[in-house]
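First comes the structure, then the notes that go with it.
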Amino acid sequence: MTFSSPVTRFAPSPTGFLHLGHAFCALFAHGQAVDRGGRFLLRIEDIDPVRCKLDFETAIYEDLSWLGLTWEMPVRRQSDHLADYRQALDRLEGMGLLYPCFCSRKDIASSGQAPHGPDGPLYPGICKRLSLDQRAERIGAGQPFALRLEMERAVALAGALTWRDLDQGEQKARPEIFGDVVLARKDAPTSYHLAVTLDDHLQEVTLVTRGVDLFEATHVHRLLQALLGLNVPAWRHHPLLMGPSGLRLAKRDQAQSLRALRNEGLSPQAVRSMAMGRESANP
């Protein structure tokens, strides 16, 4: 799938400093837009109130500018648009597709052996069995809750769906592998699945570039697009870049940051070459 004037985006979370994997994703998306006369967007995915830090957000702007990237203004910050996600949740709730979930991770783990999906054990439906009065009573008592999508009903309503990955071709959407996925968390009024899908629609993104570790999540995103009547982009899930130890580059593993490479005296061109060359060196 190609677009004559593509709209691409780089959408990091400000939970740490950018590393070479981020640089590759940003450079690829930027190149896809600029080389074809399209638009390149930067989005800050800062819905996690605990892990997201303003210092990391500032560093994102600085590192990308140092690499020579430019993007459209203003930058969309998810924390500034919570009303958009609430409106989407209200639509899904009006369709009878959401229910409150009061369970903790411990509750789910202790409920017995459950089949596993991409995100771990599938939710066993404990709170789905609560009556409307029981739900209202718990909410009235101030118990925190997440909102889950009633997957079986949602899939039946949406029907058969497909989506296209530029590397792996046409895919049959299989959102049911996630079970009743969370669309609004207890500590945030939305989730990654809902926020990113709605943002890509509102920003008219035509090509989503992200790591292959998020490949399975696209099944859920395609379902949400169908339920909410959103645009359907193409995707490119690129291989994860590996460090010298053979482990994937990740913030949580303290992967060498772009900032550290800058401090070592490397030039922007050297770092760009390292990022784009690292993918071709990976299996």
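Every number here is computed from the coordinates shown, using simple stated rules; none is lab data. What you are looking at is a predicted structure, and each value in this text was computed from that prediction instead of being measured. When we count neighbours, we look across all protein chains shown, and the Cβ atoms used for this are built from the backbone with ideal geometry, even at glycine.
Brief remarks on what is shown
- Net charge dipole, the range 10-114: roughly 220 debye, given to the nearest 20, about the Cα centre with Cβ charges of +1 for Lys and Arg and -1 for Asp and Glu.
- Where Cα atoms sit under 25 Å apart: lysine pairs in the chain separated by 8 or more or lying on different chains: 6
- The chain - Debye-derived log10 I(q)/I(0), Cα point model, q = 0.11, 0.14, 0.16 Å⁻¹: -0.69, -1.09, -1.36
- If you take all other residues with their beta carbon under 10 Å from the beta carbon of PHE10, and give Lys and Arg +1 and Asp and Glu -1, the sum is +3.
- Note on ALA260 and ARG153: their simple-model spin labels are 4.9 nm apart, each label 7 Å out from Cα toward Cβ.
- Nitroxide proxy distance, nm - points 7 Å out along Cα→Cβ at ARG105 and ASP80: 3.2 nm
- Value of Rg to Rh for the range 1-121 (Rh from inverse mean 1/r over Cα pairs, i.e. Kirkwood): 1.08
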